[in-house]
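Read through the structure below, which is laid out as structure tokens, and then see the notes.
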Amino acid sequence: YGELFWHRVHQLSVAYICPKHKTLLLYSNVPIHQDNKHQYISANLENCAYEDIDFNNKVTLNTALQSDKYNYSDNVIERLFDITRDIEVLINIKYPNKELGWFQEQYINKLICMGYANINGGLIRKIY
């Protein structure tokens with residue numbers, strides 16, 4: 001705690017909470033699109049919005065999100081945390097490499113289960 005840092009999950013527009021620390025993520029004035037896409041800009045007090053946050057005290061998730069500015073219910077807070085945690089799992093999971101044929105087979109099987117393809121994998125065309 002105490003140091004501003006951008007993890008990959010923090011870069012996503014649907015992330016409002018740091019899943020590791022359970023703290024509110026701050027808004028930044030660093031533009032998303034820049035002239036030099038390889039430029040590194042660290043998170044700091046100058047480029048992050050912090051006008052209503054006292055950095056001498058740790059801002060817990062509940063106190064920040066239930067303040068007058070945000071006013072989220074406990075249920076919403078828990079859902080925001082769950083979403084961010086699930087996203088973090090998805091972006092960090094190591095999926096094994098699959099051949100194109102594997103994806104085609106999965107797709108055809110799903111079409112068969114949904115009734116859009118016959119048992120041989122041929123599409124069922126209905127005229128409406």
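The values are calculated or read from the model by the stated rules, or taken from the named source; none is laboratory data. Keep in mind it's a predicted model, so treat the numbers as computed, not measured. Positions of Cβ are generated from backbone atoms using ideal geometry, with glycine treated the same way; all protein chains shown enter the neighbour counts. SASA here: full protein model, heavy atoms, side chains in, ligands and nucleic acids out. Shrake-Rupley method; radii C 1.70, N 1.55, O 1.52, S 1.80 Å.
Here are the numbers for this structure:
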{"item": "Neighbour cut-off at most 10 other Cβ (10 Å), DSSP loop, GluC sites (Glu not before Pro), region 77-117", "result": "99"}
{"item": "In Å², nearest 10: area of residue 27 left accessible to a 1.4 Å probe", "result": "140 Å²"}
{"item": "Solvent-accessible ranking of 35, 74, largest area first, probe 1.4 Å", "result": "35, 74"}
{"item": "Residue-level accessible surface for residue 45, protein heavy atoms, 1.4 Å, Å²", "result": "80 Å²"}
